[in-house]
Amino acid sequence: MASRIPRNLAWASAFVVACLGAAWAGAASVPSPKRVTLTGEVIDSWCQTTGIMVALGTAHHQCAIWCAVGGIPVGLRTDDGTLYTILRVDQDKRNVANPRLLTIQTHQISVTADLIERDGNRYLLIDQVLDDHGIVNRTHGDYGIQPFGE
């Protein structure tokens, strides 16, 4: 029996080393951020990806603010339809109910940011909003103002 304990300990140690090695290799494969300049509409990711509402422009403005205040991640949708999740804007690390993000919700903005792509997702760490064009996507004429919850 005494000879089995060291062997079991050796197997357990080998397992721990293998797990730590895999974790280290995974951490080493995290891509470096890429510097980008993008222009797009600030969106809430829930309505944009689910299609539950129009999710664009003036028809969706108030709902987008409510979603952002409620903790739904805010994103940037470029003209080609690419979606980016905003993790930071203007050095403020809060992305949930961030006052800066609330004031630019549904606006078309141009930004400089670090782009991190991982597991098929695109994340932005925005350093600076270069230009705020305001709400340029005037969808309320086509869709009316979309009331929340109807």
Length-normalised contact order of the stretch 34-143 in % [C-alpha pairs under 8 Å, at least 6 apart]: 33 percent
Label point 7 Å beyond Cα of Arg100 along Cβ direction - residues of the stretch 67-89 with amide nitrogen under 14 Å: 86-89
Full-extension gain in nm, Arg35 to His140, via 0.36 nm per residue minus C-alpha separation: 34.3 nm
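For an R0 of 22 angstrom, estimate the FRET efficiency from the Cβ-Cβ distance between Asp132 and Thr49 and round to the nearest 0.05.
Efficiency, rounded to the nearest 0.05: 0.35.
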Derived scalar couplings ³J(HN,Hα) [the stretch 57-65; Karplus, 6.51 cos²θ - 1.76 cosθ + 1.60; whole Hz; x for Gly, Pro]: x, 5, 5, 10, 3, 5, 4, 4, 5
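Bear in mind these aren't lab numbers, they're just calculated from the coordinates by the rules spelled out. This structure is a prediction, so every number in the text was calculated from the model and none was measured. Because the Cβ atoms are built from the backbone with ideal geometry, glycine has one as well, and the counts that use them run over all protein chains shown.
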